Amino acid sequence: MNRLVILLLGLLSMTFASRVSAQLPSIQLKDIHGKTVNMSEISNDGNPVIISFFATWCKPCMRELKAIHEVYPDWQDETGVKMYIVSIDDAQNSSKVRPLVDAEGWEYVTLLDPNSEFFKALGLQAVPHVLVLDGQGKVVMSHSGYTDGSESEIIETIRNLGK
């Protein structure tokens with residue numbers, strides 16, 4: 001049954017990937033320290049990038065980010081991947097993001113999208129949603145939803161980039 005779910009999720013992610021533009025839109029977001037980041041200029045010295053959209057109220061989002069947190073140092077050592085997390089919490093709730101990130105010890109680059117401008121520009125509709133970009137910034141995977149263990153699909157996609 002698990003293999004069927006993983007296969008179906010893989011097929012869904014391929015469907016979503018075809019809808020996502022190869023280039024990220026030029027939208028300005030602020031990180032949790034107030035620094036402005038142009039999303040079209042995200043890079044990682046030729047290494048892959050993960051962008052995970054979440055909200056503080058989204059339980060599957062929290063499970064996914066915690067699961068990735070457990071393996072993220074290994075992923076970084078193996079592939080050089082860099083992870084950005086983008087909160088779609090509205091302006092009223094975005095003040096909860098930094099305390100959450102600090103409490104969880106997440107070392108991801110954390111960005112705020114309080115009007116969901118970036119999220120909507122990509123045609124996304126639900127969180128959690130993960131994008132994987134190759135070393136040239138092209139979206140190679142787009143995955144919506146989270147089930148326990150589905151983070152393995154992310155690292156497999158990244159590993160396959162090197163082949």
Near Lys59, which aspartates and glutamates are there with a Cα under 20 Å away, not counting those fewer than 8 places off in the same chain? Glu70, Asp89, Asp90, Asp102, Glu104, Glu107, Asp113, Asp148, Glu151, Glu153
Report Rg(Cα)/(2.2 N^0.38 Å) for the chain, keeping two decimals. 0.96
DSSP-defined beta bridges in region 2-161 - what % are antiparallel, rounded to 5: 60 percent
Cα-centre dipole for the chain with unit charges at Cβ (Lys and Arg positive, Asp and Glu negative), debye to 20: 420 debye
What are the lysines whose alpha-carbon lies under 27 Å from the alpha-carbon of Lys35, with same-chain residues fewer than 8 places away excluded? Lys66, Lys82, Lys96, Lys120, Lys138
Work out the charge dipole of region 2-161 with +1 on the Cβ of Lys and Arg and -1 on the Cβ of Asp and Glu about the Cα centre, then indicate which of Asn160, Ala121, Thr79 is farthest towards its positive end. Ala121
Packing-wise, with mean Cβ within 10 Å as the measure, how do 98-106, 150-158 rank, highest first? 150-158, 98-106
Membrane-span-like helices in the chain: DSSP H runs reaching 15 Å or more (Cα, own axis), mean Kyte hydropathy at least -1.0? 2-19, 151-161
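Quick note: the coordinates plus some simple rules give every number you see, no bench work behind them. Keep in mind it's a predicted model, so treat the numbers as computed, not measured. Ideal geometry is used to build each Cβ from the backbone, glycine not excepted, and the neighbour counts take in all protein chains shown.
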